[in-house]
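Before any comments, here is the structure.
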């Protein structure tokens, strides 16, 4: 079935949306992945078909969409209804001629990637966890790494969105050339994304090697070279030394090719064992390393689908700056190391190619993401975030939409040139603001 035919057929202000764990609601929807917040909705709706979802949405007075619960703030929360796409998780069509796949939006990348590999295809990139859903990742511009790799929203070439009145709307760049780019990274503001079409490519192999203790002075002036040394490259650091703890280099491997990793890399030493991003934690949950080639979906994520990557007892925040400012931004955080490191498990630094998606954190600029995995110390972390945001302000820093931040809507509006256009688009899709929640309201969306 062709994709066109298929689609036709069917400041601290934000901190108040990220409060510490409140008492469990009497209707008890449960918690997010990390357990740092309990959802406050009265009902959790779990449709098993698009038709059921249409009926549920049309009858609800206020509703928000819920994916795999991997957001750390209240972007998905609602005081009335939450609608989960968990049961909408099937592959619907694989079009070999156009190299596209049509999926229900609740499918997780781990299952989708395995299906595609079995058919000889792959998605272009993956996040550190294969456990997250396609719709949730796309809506928040979640990403992997790679100087030439866009985030996980960039392969989207079509969607079906259930609007507040229950109507299913087909959205493609051909039919909506002016607004498609505003509909993809949608923050859940337009409706429930029911189905998506993704551009895919032939399956490919990847190997990953890790270098330890790479001096910062070796990275200075060579950031792009280091980050461009593989298809996907990540730095892991705790900001306690004048070096990066680990650099994970994931390289594409052509059939029959053998890539022998050098023993040294910019002053770092090749790891002689499998590693976890945090040195003293067992790597058993991590994907295979030591230069052993494997399918891309078994190497591009840091963690295996079959394992829980951690206990979940953590907080996360992530900030994006232009790639040209990467090393300067890193040095700003390095200066804050004594303040940050006591409350930190680990930081990860990745690159994302620029795109044209209005609300993407890489909109119109190649980006570097500085990620913080925090210890579950709410007061300390929420006290640090404004300081980090102030330090990165000269670089027009943007936060990850699904993680903790305190920047105001007014500040963010100045950093997204299509902000007002997105607000107008949200009101066009949802004039009565049925899908709005406190998080969006405080942003002014």
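The values are calculated or read from the model by the stated rules, or taken from the named source; none is laboratory data. In this text, all values refer to a predicted model and were calculated from it rather than measured experimentally. Backbone-built Cβ (ideal geometry, glycine too); neighbour counts: all protein chains shown.
Got a number for residues in region 336-360 being surrounded by fewer than 22 Cβ atoms within 10 Å (Cβ to Cβ) and within 21 Å of residue 223 (Cβ to Cβ)?
Total satisfying the criteria: 6.
One residue is enough: does region 122-141 have a residue meeting the conditions outside any loop (DSSP other than H, G, I, E, B), surrounded by fewer than 22 Cβ atoms within 10 Å (Cβ to Cβ) and in contact with a strand residue (DSSP E or B) (Cβ under 8 Å, 6 or more places away or on another chain)? Give the derivation first.
We begin by selecting, within region 122-141, every residue outside any loop (DSSP other than H, G, I, E, B); these are 122, 133-139.
After this cut, where a residue has to be surrounded by fewer than 22 Cβ atoms within 10 Å (Cβ to Cβ) as well, the list is none.
Within region 122-141 (the criterion being outside any loop (DSSP other than H, G, I, E, B), surrounded by fewer than 22 Cβ atoms within 10 Å (Cβ to Cβ) and in contact with a strand residue (DSSP E or B) (Cβ under 8 Å, 6 or more places away or on another chain)), the answer is no, since none of the residues qualifies.
Of all residues in region 95-118, which are in a loop (DSSP other than H, G, I, E, B) and closer than 15 Å to residue 132 by Cβ?
So in region 95-118, the residues in a loop (DSSP other than H, G, I, E, B) come out as 96-99, 105-107.
105, 106, 107 - these are the residues of region 95-118 that are in a loop (DSSP other than H, G, I, E, B) and closer than 15 Å to residue 132 by Cβ.
Which number in (1) over 23 Å from residue 132 (Cβ atoms); (2) touching a helix residue (DSSP H, G or I) at 6+ places or on another chain (Cβ under 7 Å) marks the one condition that residue 375 misses?
Evaluating residue 375 over (1) over 23 Å from residue 132 (Cβ atoms); (2) touching a helix residue (DSSP H, G or I) at 6+ places or on another chain (Cβ under 7 Å) leaves (1) as the failure.
Return the pair list, or none, for Cβ contacts closer than 6 Å from residues in region 85-113 that are at positive phi to residues that are at pLDDT 95 or above, at least 6 apart or on different chains.
Here the result reads 99/200, each pair linking region 85-113 to a residue that is at pLDDT 95 or above.
Just to be sure, is residue 443 farther than 28 Å from residue 79 by Cα, under 20 Å from the mean Cα position of the chain (by Cα) and buried (at least 17 other Cβ atoms within 10 Å of the Cβ)?
So residue 443 fails the test.
Of the numbered conditions (1) surrounded by fewer than 17 Cβ atoms within 10 Å (Cβ to Cβ); (2) more than 22 Å from the chain's Cα centre (by Cα), residue 429 satisfies every one except a single condition; which is it?
It fails just one condition, (1).
In this structure, is residue 218 surrounded by fewer than 24 Cβ atoms within 10 Å (Cβ to Cβ), assigned to a loop (DSSP other than H, G, I, E, B) and either more than 22 Å from the chain's Cα centre (by Cα) or on the phi < 0 side of the Ramachandran plot (or both)?
Answer is no for this residue.
Which residue pairs have Cβ atoms closer than 8 Å, lie 6 or more positions apart in sequence or on different chains, and pair a first residue in region 238-251 that is at positive phi with a second residue that is assigned to a loop (DSSP other than H, G, I, E, B) and surrounded by fewer than 23 Cβ atoms within 10 Å (Cβ to Cβ)?
Close Cβ pairs satisfying both conditions: 239/336.
What residue, among those in region 110-121 that are crowded, with 21+ Cβ neighbours inside 10 Å and touching a helix residue (DSSP H, G or I) at 6+ places or on another chain (Cβ under 7 Å), is farthest from residue 232 (Cα to Cα)?
112
State the number of residues belonging to region 288-318 that are in a strand (DSSP E or B) and either more than 20 Å from residue 248 (Cα to Cα) or out of contact with any helix residue (DSSP H, G or I) (no Cβ under 9 Å at 6 or more places or on another chain) (or both).
5
Within region 154-175, track down each residue that is in a loop (DSSP other than H, G, I, E, B) and either modelled with pLDDT under 95 or surrounded by fewer than 23 Cβ atoms within 10 Å (Cβ to Cβ) (or both).
155, 163, 164, 165, 166, 167, 172, 173, 174, 175 - these are the residues of region 154-175 that are in a loop (DSSP other than H, G, I, E, B) and either modelled with pLDDT under 95 or surrounded by fewer than 23 Cβ atoms within 10 Å (Cβ to Cβ) (or both).
Against the definition (touching a helix residue (DSSP H, G or I) at 6+ places or on another chain (Cβ under 6 Å) and under 30 Å from residue 425 (Cα atoms)), how does residue 366 come out, yes or no?
For residue 366, the condition - touching a helix residue (DSSP H, G or I) at 6+ places or on another chain (Cβ under 6 Å) and under 30 Å from residue 425 (Cα atoms) - is met.
Give the residues of region 222-258 that are at pLDDT 95 or above, out of contact with any helix residue (DSSP H, G or I) (no Cβ under 6 Å at 6 or more places or on another chain) and in a loop (DSSP other than H, G, I, E, B), sorted by residue number.
Hits for region 222-258 are 222, 228, 229, 230, 231, 241.
With 253, 321 as the choices, which residue is in contact with a strand residue (DSSP E or B) (Cβ under 6 Å, 6 or more places away or on another chain), more than 29 Å from residue 387 (Cα to Cα) and surrounded by 13 or more Cβ atoms within 10 Å (Cβ to Cβ)?
Result of the check over 253, 321: 253.
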